[in-house]
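Asker: Below is a structure I'd like to ask you about.
Each reported figure results from applying straightforward, stated rules to the coordinates on display, with no laboratory input. Please read all numbers here as calculations on a predicted model, not as lab measurements. As a convention, Cβ positions derive from the backbone with ideal geometry for all residues, glycine included, and neighbour counts pool all protein chains shown.
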């Protein structure tokens with residue numbers, strides 16, 4: 001069997017009103033760096049088989065802060081980037097409503113199939129990232145240890161929804177805090193299992209110890 005540790009990046013600078021981020025390359029805030037560093041107490045002691053990360057800097061930095069020199073060098077992949085929100089990126093909800101009348105409501109009514117202007121739907125995101133995770137799992141020897149993937153809230157949610165057979169319309173029911181850990185188990189010939197959802201470091205300790 002193969003265990004996948006699916007970690008969200010740390011916190012980003014907070015804006016009021018909030019703006020859509022998508023694939024904008026926004027760096028971690030100081031609080032986000034502190035969140036990532038807290039994982040260094042737990043993750044470096046694990047014999048990880050490999051580390052993969054979104055190529056956006058908030059994930060790359062999270063991976064470097066969470067690990068030390070004993071861990072495999074992270075492999076940054078463009079295909080693990082957050083959902084593209086196209087022309088919405090950088091806009092507030094009110095600005096989206098003004099510039100793209102009705103689009104915000106249409107997307108909210110059908111998250112799976114409706115894409116933003118110039119962006120992706122959640123189905124398109126799933127079709128981009130799920131084969132990447134499958135490839136990582138299939139081509140990494142399970143006996144060499146858990147796999148760590150550092151990605152985004154949207155990416156993590158669709159990966160877990162796919163593993164669970166959950167409709168993408170319910171994707172936001174899967175909590176995903178900054179720097180939270182999720183654990184998936186893959187067994188050949190069986191459906192993937194979600195062993196843990198949205199765990200902070202202290203809560204993840206017993207489970208990670210069992211995986212060592």
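Asker: Taking only the alpha carbons of the chain, what extent do you get along each of the three principal axes, in Å, biggest first?
Answerer: That gives 52, 41, 27 Å along the principal axes, largest extent first.
Asker: Another one. So what does log10 I(q)/I(0) come out to for segment 64-129 at q = 0.12, 0.22, 0.28 Å⁻¹, using the Debye formula with one equal point on every Cα and no solvent?
Answerer: These q points yield log10 I(q)/I(0) values of -0.44, -0.89, -1.22.
Asker: While we're here: Would you mind computing Rg(Cα) / (2.2 N^0.38 Å) for segment 86-165, counting N as its residues?
Answerer: Against the compact-globule rule of thumb, the ratio is 1.39.
Asker: Still on this model: At 0.36 nm per residue, minus the direct Cα-Cα distance, what do residue 105 and residue 198 gain on full extension? Give it in nm, one decimal, please.
Answerer: 30.7 nm
Asker: Among DSSP bridges having both ends in the chain, what percentage is antiparallel? Round to the nearest 5.
Answerer: Within the chain, antiparallel bridges account for around 45 percent of the total.
Asker: Here is a further query. Sorting check: for 9-22, 61-74, which peptide has the highest mean count of neighbouring beta carbons within 10 Å, and how do the rest follow?
Answerer: Highest mean packing first, the order is 61-74, 9-22.
Asker: Rounded to the nearest 0.05, what FRET efficiency is calculated for residue 34 and residue 211 with R0 set to 30 Å and r the Cβ-Cβ distance?
Answerer: Result of the calculation: an efficiency of 0.75.
Asker: As a check on your grasp of the helix formula, calculate [θ] at 222 nm for the chain: sum -39500 (n - 2.57) over DSSP H runs of n ≥ 4, divide by the residue count, round to the nearest 500.
Answerer: Value at 222 nm, helices only: -10000 deg cm²/dmol.
Asker: Now a separate question. Calculate the FRET efficiency for residue 1 and residue 70 from the Cβ-Cβ distance with a Förster distance of 25 Å, rounded to the nearest 0.05.
Answerer: Computed FRET efficiency for residue 1 and residue 70 comes out at 0.60.
Asker: For segment 120-191, what percent of Cα pairs sit more than 17 Å apart?
Answerer: For segment 120-191, the fraction of Cα-Cα distances above 17 Å is 44 percent.
Asker: While we're looking at this one, here's another question. Between residue 15 and residue 164, what is the spin-label point distance in nm, taking each point 7 Å from the Cα along the Cα→C-beta axis?
Answerer: Once both label points are built, they end up 3.0 nm from each other.
Asker: Follow-up question, since we're still on this one. Using a basic spin-label model with each label point 7 Å from the Cα along Cα→Cβ, how many nm lie between residue 177 and residue 127?
Answerer: A separation of 3.5 nm, rounded to one decimal place.
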